[in-house]
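Below: one structure, written as structure tokens.
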Amino acid sequence: MQTLLNLLSSVALLVWGTHIVRTGILRVFGADLRRVLSKSVASRFSAFLAGLGVTALVQSSSATALIASSFVSQNLIGLGSALAIMLGADVGTALMAQVFSLDLSWLSPLLIFFGVVFFLSRRATRAGQIGRVFIGLGLIILALQLVVQATKPITQGSGAKVIFATLTGDPMLDMLIGAVFTVFSWSSLAVVLLSATLAASNVVSVPVALCLVLGA
């Protein structure tokens with residue numbers, strides 16, 4: 001039971017870290033990011049690059065989707081450009097998942113320390129909000145380390161393996177689990193990172209992880 005609680009708390013910290021990064025970036029650069037997306041309709045390729053860049057900064061393709069869909073509803077951009085933005089957003093999520101899959105354990109304490117210093121000393125300024133973003137990035141890296149540590153007992157315990165086996169195996173069910181978790185966590189990046197970590201720890205198989213990512 002303690003192992004499961006450790007895993008759930010690590011996942012919660014991962015989701016919270018992505019939330020902090022997203023809200024911090026939107027508070028500081030929200031208007032600028034919306035301007036970039038609205039002016040990226042000159043070509044499908046520029047719209048693709050804008051979606052990729054915005055998602056990489058915000059750490060959330062969902063936020064990019066909301067901005068793009070609001071522009072479409074207001075007839076500011078066409079549907080084709082919005083779809084190109086969303087394709088870029090998906091690639092941006094994949095690229096950030098690759099970055100966070102690297103060994104960045106040394107970076108987490110630095111980001112959290114300097115982020116807290118900036119946020120507490122200059123909370124009402126742009127520097128303070130950037131410090132908030134640093135805190136979120138540090139928490140994401142820390143949470144991924146905790147997920148790996150929490151899954152080690154799971155790979156060794158037969159009871160926990162049985163629990164995970166009952167939740168996976170059916171591709172449609174795996175995709176549904178990934179989709180539902182993404183809706184509740186509001187972060188497809190968090191689900192992708194979690195799925196990759198569970199697969200790397202041999203808690204779930206690679207096909208199951210791929211289905212979870214498709215659901216996300």
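The values are calculated or read from the model by the stated rules, or taken from the named source; none is laboratory data. Remember, predicted model here, so these are calculated numbers, not experimental data. Positions of Cβ are backbone-derived with ideal geometry, glycine not excepted, and every protein chain shown enters the neighbour counts. Ligands, DNA and RNA are excluded from the accessible area calculation, which covers all protein heavy atoms including side chains. Shrake-Rupley method; radii C 1.70, N 1.55, O 1.52, S 1.80 Å.
Sort through A179, A127 and tell me the only one that's open to solvent by less than 60 Å² (accessible area, probe 1.4 Å), in a helix (DSSP H, G or I), at pLDDT 85 or above and in contact with a helix residue (DSSP H, G or I) (Cβ under 9 Å, 6 or more places away or on another chain). Within the list A179, A127, the selection yields A179. Candidates in region 90-121 are the residues that are closer than 13 Å to G138 by Cα and of a type in the set (S, T, N, Q); of these, the one that is most open to solvent (accessible area, probe 1.4 Å) is S105. You will find that of G30, G92, the residue that is at pLDDT 80 or above and part of a helix (DSSP H, G or I) is G92 and no other.
Among the candidates S9, S62, S46, S38, the residue that is closer than 21 Å to V180 by Cα and open to solvent by less than 50 Å² (accessible area, probe 1.4 Å) is uniquely S62. Restricting S10, S40 to residues that are among the hydroxyl-bearing types (S, T, Y) and outside any loop (DSSP other than H, G, I, E, B) narrows the list to S10.
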